[in-house]
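A.B. asks: First the structure, then my questions, so here it is.
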Number of protein chains: 2
Amino acid sequence: MKESKTGIFSEDEKESFYKVIFSRRDVRKNFVTKTISDKVLHKILLAAHHAPSVGYSQPWNFILIRNNDTRNLVKESFLKERLKAIDLIPNKAKRRDKYLNLKLEGILESDLNICITYDHSRFGPFVIGRMTIKEAGIYSVCCAVQNLWLAARVENIGVGWVSIIDNIDLGKILNLPSNVQPIAYLCLGYVKEFENRPDLESKKWLERMPLHAVINFEKWDNESETESSWNSLRNELKKQT
Amino acid sequence: MKESKTGIFSEDEKESFYKVIFSRRDVRKNFVTKTISDKVLHKILLAAHHAPSVGYSQPWNFILIRNNDTRNLVKESFLKERLKAIDLIPNKAKRRDKYLNLKLEGILESDLNICITYDHSRFGPFVIGRMTIKEAGIYSVCCAVQNLWLAARVENIGVGWVSIIDNIDLGKILNLPSNVQPIAYLCLGYVKEFENRPDLESKKWLERMPLHAVINFEKWDNESETESSWNSLRNELKKQT
């Protein structure tokens, strides 16, 4: 499993892959009491570690957290930040009520929390590609998050990304050194079921945009006739959303 | 294909998935002259669009670029930034020579370039989760990049992320409005073959770290006996790198 196999993918393999992509969910509920085994955890972490990284800098760490005292502190930070966010919602009573009813984290109910961090000092200061785009190392960490998320889904484990947390709190709670910054705080666990649609879609918070609305041809805003080579794709995208 | 199917993954499906993860490469060479069809491009873009996003904000756009004038301008920006970076390499002649011999982009040789951007204004200003972590929308875009990269691999298409580009140049070249920022500039194309290992590893620029070196238990630096519940995983990780 460790090293890549080159090669072509069959139609069945393609289908399996897209099934992972389309059935992955941001999970905050339905967690069941079942421990993720070392073997499965190892596989998920290895998938994350095989993400791309700028200049091969591999700037990530994975802090595995099961301790309840730690989780309670993180939950406190979540509750504090959630309260602050409520004040920022445009003052529409219905929207605010909807927000208050959303389940936005599973810090205590999940089997495992993982904080994924970015270490700016790793293999530095000269990291290929990062001299031009300073944030590129953080982008690499996000790619690792997505690998982990998809691997968890294929192992039938739900993952929720909690972004309502104060990173300064998190740094203190986890004893992070100054060169290390938290990027993602994830809650992992087996679940009763995976939802068919994202929660924020089924709760009618927002809808999925049609794909054609996020595709641009050649430049940001180019609907000119000169780019007619894109017409067949443009028409296909507009037929299917 | 469009919506998720819930469900459990078989052992074969898991294996297919990990094959994608481990055989994905950052590709800058070996491109062949073959056009990516609308159908395949549609599948790859749909996979990217099904990435997670903070508060379901879907803040990404995909600018598809085949125009050679545009690519030449991007290449110019790359060459300018590459020159600047050379000056920053610690003054070791061997390291510098190695850097100069690395192939770091395939802007002109690939079939297609895609610039993936972040739109901070989409569905804002109140975006769930982004009020606390301001950069969370950018993290979502990176997750979309990784979905796209993996989908391309399963379609046997190579992807290279060029991070030696000045984003100010890119904004001008692609007519980006001020609320939109480029996150990733990707070169896509069919390739003669996928390498077994990352280029920067086979060229001995850097090695892949052992997995256990990037795993932390409970806190950043906690090797204490009190966390003995992690010993079996710790031992497993140290056996296998």
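A.B. asks: Across the residues of A:53-62, average count of Cβ atoms on other protein chains within 10 Å?
C.D. replies: 5
A.B. asks: To continue, here is another question. Accessible area per residue, 1.4 Å probe, Å², for chain A: what's the number?
C.D. replies: With the other protein chains kept in place, chain A gives 41 Å² per residue.
A.B. asks: Relative contact order of chain B: what whole-number percent is it, with Cα pairs under 8 angstrom and at least 6 residues apart?
C.D. replies: It rounds to 30 percent for chain B.
A.B. asks: How many lysine pairs in segment B:107-233, separated by 8 or more positions in sequence or lying on different chains, have Cα atoms less than 27 Å apart?
C.D. replies: The number of close lysine pairs in segment B:107-233 is 4.
A.B. asks: State the Cα centre-to-centre distance between segment B:11-45 and segment A:168-241 in whole Å.
C.D. replies: Value for the Cα centre distance between the two parts: 19 Å.
A.B. asks: Then there is this: With θ set to phi - 60°, apply the Karplus curve 6.51 cos²θ - 1.76 cosθ + 1.60 along segment B:131-136 and write out the HN-Hα couplings as whole Hz, x wherever there is a Gly or Pro.
C.D. replies: Computed from phi, the couplings for segment B:131-136 are 6, 8, 10, 4, 7, 4 Hz.
A.B. asks: What accessible surface, in Å², does a 1.4 Å probe find on B:His212, ignoring ligands, DNA and RNA and rounding to the nearest 10?
C.D. replies: 60
A.B. asks: As a test of the definition: with a 1.4 Å probe, what buried accessible area, both sides summed, do you compute for A against B, in Å² to the nearest 100?
C.D. replies: In total, this chain pair buries about 11700 Å².
A.B. asks: Hey, another quick one. Which whole number gives the average count of other chain Cβ atoms within 10 Å of the Cβ atoms across peptide B:183-196?
C.D. replies: For this peptide, the per-residue mean of nearby foreign Cβ atoms is 2.
A.B. asks: Can you list the lysines whose alpha carbon is less than 16 Å from that of B:Lys238, not counting same-chain residues fewer than 8 positions off?
C.D. replies: A:Lys2, A:Lys39, A:Lys43
A.B. asks: Taking the full set of protein chains and a 1.4 angstrom probe, give the accessible area of B:Thr35 in square angstrom, rounded to the nearest 10.
C.D. replies: Ignoring ligands and nucleic acids, B:Thr35 comes out at about 90 Å².
A.B. asks: Count, for each residue of B:39-52, the Cβ atoms from other chains sitting within 10 Å of its Cβ, then give me the mean as a whole number.
C.D. replies: Numbers: counts 2, 0, 4, 6, 3, 0, 6, 7, 5, 3, 9, 8, 6, 10.
Averaged over the peptide's residues, the number is 5.
A.B. asks: Name every cysteine in chain A that ends up alone, with no second cysteine's Cβ under 4.7 Å, or say none.
C.D. replies: Among the cysteines of chain A, those whose Cβ sits 4.7 Å or more from every other are A:Cys115, A:Cys143, A:Cys187.
A.B. asks: List the residues, sorted by chain then number, that are 5 or more residues from B:Phe217 or on another chain and whose placed amide H is less than 5 Å from its amide H.
C.D. replies: HN-HN under 5 Å from B:Phe217: A:Leu64, B:Asn222.
A.B. asks: Provide the packing ranking of B:180-187, A:99-106, i.e. peptides ordered by the mean count of other C-beta atoms within 10 Å per residue, highest first.
C.D. replies: B:180-187, A:99-106
A.B. asks: Which trypsin sites (Lys or Arg not before Pro) does segment B:110-177 hold that lie in a coil by DSSP with at most 12 other beta carbons within 10 Å?
C.D. replies: Filter output for segment B:110-177: B:Lys134.
The values are calculated or read from the model by the stated rules, or taken from the named source; none is laboratory data. Bear in mind the structure is a predicted one, so any value in this text is a computation, not a measurement. Every residue, glycine among them, receives a Cβ derived from its backbone with ideal geometry; neighbour counts consider all protein chains shown. For accessibility, only protein heavy atoms count, side chains too; no ligands or nucleic acids. Shrake-Rupley method; radii C 1.70, N 1.55, O 1.52, S 1.80 Å.
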